[in-house]
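What follows is one structure encoded as structure tokens, with my remarks underneath.
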Amino acid sequence: MNYDVELDDLIMTLVKEGGSDIHFNVGNFPTVRVSRELVPLTRKKELTADDTVGFLRSMVGEKAFTGFVIKQELDFSYEHKKEYRLRGNASFQRGVVSVALRLVPKVKQIKDLNLPEQLMEIARQKEGFFIVVGPIGQGKSTTLASMISLINSESRRHIVTIEDPIEFLFDNDKSIIEQREVSIDTVDFPTALRHAFRQDADVIFIGEMRDRETISTAVTAAETGHLVLSTLHANSASQTIDRIIDTFPPEQQDQIRVQLAGSLLGIMSIRLIPRISGGLIPACELLLNTGAVANLIRENRTHEIDILIETGMSEGMIDLDRNLADLVKRGEILRESALERVKNKNFFERLIQ
């Protein structure tokens, strides 16, 4: 099999069908994900162990493949025809190689993604900490890329991104953008983040906060005159704050609460929901760090934050259940799709009556 030719055909099929992912698994047909559903490409042949290795080698080269065999895990990016960019993961399962590819969409504007316009004001801030959370594949990186694009188009700032791997590629507009990839351009997230202080950065994007050291340095960066954007795997704004605090030992938690209360701009939780007209549309929860929110963080009363979100519409906050109800009433999503994601079913039902 000519893996370069086959890969080209598979990627172009994915693009044509409006899909998001391709899976290469031994014993299965190459499979694409379209509108959240897995679709096997039965016109192709079932993949062998040699095939999955062949596709991976075609994308990453021998040096990276040798490293993968040693570490048995690999995150990578792949650029196809200088037009399409994909994020990949390779792993072993039952002794054979599996590969998953995700198509990275073109950078879009905040309004084109149906995201809250409040994000534009956050992107225009000179300093502070903004976090986007949610499960994998819900548009966290896409959201932050749209904010970076806005900064790039409007102001002269030095933007440093630290990613594993790099997903969206940016061309300098008014800003200078440096994109650093972990294991290629830097050893790890904490090292790159510490050095960003010496690189005269105005904006720092951290692809994912994975450990205490990264979180601690990110908070410090936000306190010292940088706009810091990052992602975290959490389900809600209040849970995000608890997860950040719980990362630290008990004797450090009061200090990190004070730092977070002073530096946080906001937290957005995002879910992508099938749209009645086709495609996906985001439903969001948005917490903005008002004086009342900061007090709750300092006083370890994060369980009360949900109430402030529910009642904070006039301050720009967005309650997830209200957002879901609005999407249902506008005919964007099905009631059943919303019910799978609501926090308070009874409250949601009252909203859509």
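None of the figures in this text is laboratory data; all of them are computed from the coordinates on show. Remember, predicted model here, so these are calculated numbers, not experimental data. Glycine also receives a Cβ, built like all others from the backbone with ideal geometry; neighbour counts cover every protein chain displayed.
Please work out the Cα center distance from segment 284-341 to segment 191-236, rounded to the nearest Å.
With segment 284-341 and segment 191-236 each reduced to a Cα centre, they are spaced 25 Å.
Order by neighbour count: 211, 319, fewest other Cβ atoms within 10 Å first, most last. Don't jump to the answer; show the numbers that get you there.
Working: 211 12, 319 24.
Going from sparsest to densest Cβ surroundings: 211, 319.
Most exposed first by the Cβ proxy, i.e. fewest other Cβ within 10 Å, how do 310, 163 rank?
Values: 310 16, 163 23.
Starting with the residue having the fewest Cβ neighbours, the order is 310, 163.
List every residue whose amide H lies under 5 Å from the amide H of residue 275, counting only residues 5 or more places away in sequence or on a different chain, with H placed 1.01 Å from N in the peptide plane.
Under 5 Å from the amide H of residue 275 lie the amide H atoms of 280, 281, each far enough along the sequence or on another chain.
Enumerate the calculated ³J(HN,Hα) couplings along segment 32-47 in order (Karplus 6.51 cos²θ - 1.76 cosθ + 1.60, θ = phi - 60°), each rounded to whole Hz, writing x wherever the residue is Gly or Pro.
Using θ = phi - 60°, the values come out as 10, 9, 10, 6, 6, 9, 7, 10, x, 8, 6, 6, 8, 8, 5, 7 Hz.
By how many degrees, 0 to 90 and rounded to 10, does the Cα axis of helix 3-17 deviate from the longest principal axis of the chain?
50 degrees
Scan (i) 37, 21, 18; (ii) 32, 28, 21; (iii) 35, 26, 19 for the value of semi-axes √(5λ) of the Cα gyration tensor in Å calculated from this model and give just the label.
Given (i) 37, 21, 18; (ii) 32, 28, 21; (iii) 35, 26, 19, the calculated one carries the label (iii).
Once you keep just the Cα pairs under 8 angstrom separated by 6 or more residues, what percentage relative contact order results for segment 111-318?
On the way: 361 pairs, mean separation 49.3, N = 208.
Normalised by residue count, the contact order of segment 111-318 is 24 percent.
If you take the charge dipole of segment 1-118 about its Cα centre, with +1 on Lys and Arg Cβ and -1 on Asp and Glu Cβ, which of 20, 60, 115 is farthest toward its positive end?
Of the listed residues, the answer is 115.
Please list, in chain and number order, the residues 5+ apart from residue 21 or on another chain whose amide H is under 5 Å from its amide H, with Hs placed from the backbone.
Distant-sequence amide H within range of residue 21: 33, 103.
List the lysines whose alpha-carbon lies under 23 Å from that of residue 106, not counting same-chain residues fewer than 8 positions away?
Residue 106 reaches 16, 81, 82, 140, 174.
Which residue fluctuates the most in the chain, going by a Gaussian network model with Cα springs under 10 Å, if the choices are 252, 118, 179?
Of 252, 118, 179, the most mobile in the Gaussian network model is 252.
Taking 8 Å as the Cα distance limit and 6 or more residues as the minimum spacing, I'd like the relative contact order of the chain as a percentage.
Values: 624 pairs, mean separation 42.7, N = 353.
Reported as a whole number, the value is 12 percent.
Within a Cβ distance under 9 Å of residue 1, other residues only, what is the Lys/Arg minus Asp/Glu net charge?
Details: positive: 45; negative: 6, 50, 51.
Counting the neighbours of residue 1, the net charge comes to -2.
Please rank 268, 317, 120, fewest neighbouring Cβ atoms within 10 Å first, as an exposure proxy. Could the numbers behind the result be given before it?
Numbers: 268 26, 317 22, 120 17.
Neighbour counts put them in this order, fewest first: 120, 317, 268.
Looking at the chain, send over the antiparallel percent of its DSSP beta bridges, to the nearest 5. Walk me through the numbers on the way to the answer.
On the way: 38 of 64 bridges.
Here the antiparallel bridges make up roughly 60 percent for the chain.
If you plug each phi of segment 72-87 into the Karplus form 6.51 cos²θ - 1.76 cosθ + 1.60 with θ = phi - 60°, what whole-Hz ³J(HN,Hα) values come out, in order, with x for Gly and Pro?
Rounded to whole hertz, the list is 6, 9, 8, 9, 8, 10, 9, 9, 10, 6, 6, 10, 10, 10, 10, 9.
Give the shape of segment 175-307 as rounded, prolate or oblate, defined through the alpha-carbon gyration tensor: a ≥ b ≥ c are the square roots of its eigenvalues, a/c under 1.5 means rounded, and otherwise the shape is prolate if a/b is larger than b/c and oblate if not.
Judged from the Cα gyration tensor, segment 175-307 comes out oblate (a/c at least 1.5, b/c at or above a/b).
Using the Karplus equation 6.51 cos²θ - 1.76 cosθ + 1.60 (θ = phi - 60°), what ³J(HN,Hα) coupling, rounded to whole Hz, does each residue of segment 269-281 give in order, writing x for Gly and Pro?
Each residue of segment 269-281 in turn: 9, 10, 9, 9, 10, x, 8, 4, 7, x, x, 10, 9 Hz.
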